[in-house]
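Single-structure report; data block below.
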Amino acid sequence: MTEFKPPLNDMSFLLTKVFDVASLWESIPQLKETVDIDTAEAILEEAGKLASGLIAPLNRSGDEEGAQWHDGVVTTPAGFKEAYQTFAEGGWSGLGGDPAYGGMGMPKMLGVLFDEMMYAANSSFALYPTLTSGACLALNAHGSEALKQKYLPSLYSGRWASSMCLTESHSGTDLGLIRTKAIPNGDDSYLISGTKIFITGGDQDLNENIIHLVLAKLPDAAPGARGISLFLVPKINVENDQLTTANNVSCGSIEHKMGIKASATCVMNFDESVGYLVGEVGKGLACMFTMMNYERLSIGIQGIGCGEMAYQGAAEYAKDRLQSRGVGALKDPSKPADPIVVHGDVRRMLLTMRANNEASRAFALYIAKQLDITKFSEDTQAVAKASGLVALLTPVAKAFFTDLGLESTVLGQQVYGGHGYIREWGMEQLVRDVRIAQIYEGTNGIQALDLIGRKVAMNQGKDFELFSQEIREFVSDFNGSELASNTRLAPMFTQLTASIEQLEQLTQLILSRAGDGNELNGNAVDYLNAFGYSAFAFMWCMMAVAAVKEQQHDDNCLYENKLVVAEFFFARILPRQQAHIGAIQSGVSSLMALPNEMF
Ligand SMILES: Cc1cc2nc3c(=O)[nH]c(=O)nc-3n(C[C@H](O)[C@H](O)[C@H](O)COP(=O)(O)OP(=O)(O)OC[C@H]3O[C@@H](n4cnc5c(N)ncnc54)[C@H](O)[C@@H]3O)c2cc1C
């Protein structure tokens with residue numbers, strides 16, 4: 001089985017040469033005080049050691065053993081508890097947390113790279129602390145000062161963990177249907193009763209306490225989503241930082257599932273458990289969205305991490321496995337056959353994985369940059385623009401990265417031939433582990449609806465214009481620069497320009513048909529994909545420009561490799577966008593023609 005090698009060189013290229021974080025961080029006072037590029041690279045190096053040395057070795061055994069439930073008690077696989085202890089002692093739980101409550105205050109641009117390494121090493125393990133980080137964000141944004149002081153320090157230190165309790169058996173996508181009740185308790189608390197299902201880390205043995213964020217409705221709540229409020233419900237009550245009595249929160253069972261077997265997916269029962277309101281009554285879904293948006297990007301990154309791990313395994317295997325003869329100069333007569341990496345079809349698979357993984361990583365950093373601007377910048381105009389971009393791009397990241405993440409893991413498995421189907425090599429586990437990322441945190445279909453409906457149609461394409469304008473300015477800067485005549489870059493920019501023009505026209509078409517709900521619903525996934533490929537073309541042009549600039553004074557092969565992969569992306573992957581555009585142009589009448597009962 002391939003050992004995980006943290007892609008630190010690629011990460012450093014993106015941070016320093018593509019996004020020039022040194023200048024960005026220098027320009028924002030709060031970040032200037034917190035982080036510089038040396039600190040950032042040292043943190044990533046340590047994170048890489050943690051991921052590859054401690055967390056990755058538990059991936060296979062965790063999958064074999066799985067999380068267990070006996071008599072209401074959940075246990076994680078052997079080694080998880082000790083590894084989590086080291087993780088918490090290293091301060092990793094509070095990496096991006098608010099320093100006022102004990103967090104490290106590091107930028108999201110480091111957080112996304114850290115998350116990627118954790119998911120690549122072990123998706124199940126990564127999920128436990130990820131949920132806690134998202135809950136902290138929601139609590140910090142919407143909780144009262146008293147709640148923040150009481151809970152945030154122990155969450156940031158890793159002493160306690162969190163869960164996100166939304167889903168009920170009859171209410172998944174449509175959370176307006178939830179039945180969990182919150183009854184005012186005569187003081188500042190509420191009594192929460194109901195059953196939540198599919199709760200990741202709802203119970204586990206890594207932490208002494210679990211702080212649940214629970215969606216529930218007051219007795220007089222408005223119908224639907226407007227009636228939902230958010231409550232903090234500890235597993236064990238807390239007084240003066242000490243654990244006191246059990247809070248009637250129990251785990252009824254855990255699910256037996258296709259992948260992420262070491263992550264406990266719990267049925268959680270709340271039986272008049274004491275809870276505290278977070279944010280305002282009836283604004284629970286909006287507050288929860290702070291957590292869900294964080295988690296959506298994070299789950300997108302699960303797609304990148306699994307895709308990266310699949311690529312590393314497949315590339316190593318393809319250079320080693322001898323089958324059939326290559327063509328012409330690729331033949332090595334000293335061997336009985338050639339390594340499969342010489343074959344065009346194997347190269348297609350490897351390059352597809354690599355081009356999509358690297359573009360995803362760049363795009364995750366691009367979104368993280370916008371998140372950092374919204375959080376740290378004092379420039380109100382920049383903050384407004386970055387907020388619009390985050391809202392627009394988060395569903396794209398979640399769905400596109402995870403769809404491509406699954407594609408990468410399946411391609412990786414395919415490179416191994418029959419051996420990819422066998423447990424021993426670890427490739428089938430990656431396929432199983434990444435598959436859930438297309439489903440939870442809102443299915444990818446729902447992400448696409450969020451993009452086309454709420455983020456594009458409902459604001460008449462204003463946030464979309466922010467993005468397309470930024471690409472147009474980037475292209476215009478390039479055209480006015482001395483690199484415009486570069487024979488490798490110029491064709492890429494021509495294709496990027498055509499791609500964004502087509503996406504603009506497509507967006508206008510969508511806006512013109514927005515009155516018909518079926519047009520939005522039936523075209524959403526194709527629109528998200530067409531959008532994603534334009535965004536990736538933007539990322540590949542950014543990376544290619546940085547590579548050409550570096551090549552002028554540095555012969556590191558990383559830069560030439562970037563250009564070769566960029567050329568592959570434009571030649572072989574960007575054309576996929578045309579299929580999605582064509583599907584949308586043809587309308588949805590063929591989708592809606594078959595009567596329901598004929599399915
Ligand atoms: C392993 C695992 C871990 C999870 N972790 C958590 C967790 O920690 N916390 C939590 O609260 N939940 C969690 N979930 C629940 C998860 O978020 C939901 O399963 C998911 O949001 C989909 O809801 P559902 O399963 O009820 O599907 P449904 O809502 O029933 O959807 C079924 C299908 O219909 C489609 N659909 C629904 N409505 C529409 C529409 N209007 N237009 C078009 N298509 C539509 C969906 O896209 C989907 O394909 C987890 C689930 C799993 C399996």
Given the criteria over 27 Å from residue 446 (Cα atoms) and either assigned to a helix (DSSP H, G or I) or aliphatic (A, V, I, L, M) (or both), does residue 277 qualify? yes
The residue from 498, 457 that alone is under 22 Å from residue 582 (Cβ atoms) and touching a Leu at 6+ places or on another chain (Cβ under 7 Å) is 457
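Looking at 520, 483, which is the one that is within 16 Å of the ligand (Cβ to nearest atom), in contact (Cβ under 8 Å) with a residue 60 or more places away in the chain and more than 22 Å from residue 297 (Cα to Cα)?
So the residue among 520, 483 that is within 16 Å of the ligand (Cβ to nearest atom), in contact (Cβ under 8 Å) with a residue 60 or more places away in the chain and more than 22 Å from residue 297 (Cα to Cα) is 520.
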Hits in the stretch 318-340 (condition: in a helix (DSSP H, G or I) and free of Cβ contacts under 8 Å to residues at least 24 places away in the same chain): 319, 320, 328, 329, 330
Residues being surrounded by fewer than 20 Cβ atoms within 10 Å (Cβ to Cβ) and not β-branched (Val, Ile, Thr) - total across the stretch 161-190: 17
Within the stretch 4-27, work out how many residues are in contact with a Pro (Cβ under 9 Å, 6 or more places away or on another chain) and among the β-branched types (Val, Ile, Thr). 1
Residues of the stretch 54-93 being acidic (Asp, Glu) and surrounded by fewer than 19 Cβ atoms within 10 Å (Cβ to Cβ), in sequence order, are 64, 65, 71, 82, 89
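Each row is one residue, and each column tells you yes or no for (1) out of contact with any Gly (no Cβ under 9 Å at 6 or more places or on another chain); (2) away from the ligand (no atom under 11 Å from the Cβ).
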| site | (1), (2) |
| --- | --- |
| 428 | no, yes |
| 431 | no, yes |
| 434 | no, yes |
| 438 | no, no |
| 444 | yes, no |
| 463 | no, yes |
| 471 | yes, yes |
Those residues that are over 17 Å from the mean Cα position of the chain (by Cα) and surrounded by 24 or more Cβ atoms within 10 Å (Cβ to Cβ), I need them from the stretch 94-134; list them, please. 94, 97
Give the stretch 240-267 a look and list any residue that's assigned to a strand (DSSP E or B) and over 25 Å from the mean Cα position of the chain (by Cα), or say none. 242, 243, 244, 245, 246, 249, 250, 251, 252, 253
Only residues that are within 20 Å of residue 364 (Cβ to Cβ), in a helix (DSSP H, G or I) and not basic (Lys, Arg): list them for the stretch 80-117, please. 92, 109, 110, 111, 112, 113, 114, 115, 116, 117
Exactly one of 559, 527 is more than 26 Å from residue 398 (Cβ to Cβ), hydroxyl-bearing (Ser, Thr, Tyr), buried (at least 16 other Cβ atoms within 10 Å of the Cβ) and out of contact with any Ser or Thr (no Cβ under 6 Å at 6 or more places or on another chain), and that one is 559
Extreme residue, surrounded by the most Cβ atoms within 10 Å (Cβ to Cβ), among residues of the stretch 356-398 that are farther than 21 Å from residue 570 by Cα and small (Gly, Ala, Ser): 368
Just one of 120, 146 is free of Cβ contacts under 8 Å to residues at least 12 places away in the same chain, more than 15 Å from the ligand (Cβ to nearest atom), of a type outside the set (Ser, Thr, Tyr) and assigned to a helix (DSSP H, G or I); which is it? 146
Residues of the stretch 508-524 satisfying the condition of being assigned to a helix (DSSP H, G or I), of a type outside the set (A, V, I, L, M, F, W, C) and surrounded by fewer than 21 Cβ atoms within 10 Å (Cβ to Cβ): 508, 512, 517, 518, 521, 522
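One line per residue, one yes/no per condition, for (1) within 12 Å of the ligand (Cβ to nearest atom); (2) in a strand (DSSP E or B):
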| site | (1), (2) |
| --- | --- |
| 183 | no, yes |
| 186 | no, no |
| 193 | no, yes |
| 199 | yes, yes |
| 206 | no, no |
| 211 | no, yes |
| 214 | yes, yes |
| 219 | no, no |
| 222 | no, no |
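Laboratory data are not the source of any read-out in this text; all were calculated from the coordinates shown. Given the structure is predicted, the values throughout are model-derived calculations rather than measurements. In this analysis, Cβ positions are derived from the backbone assuming ideal geometry, glycine residues included, and neighbour counts consider all displayed protein chains.
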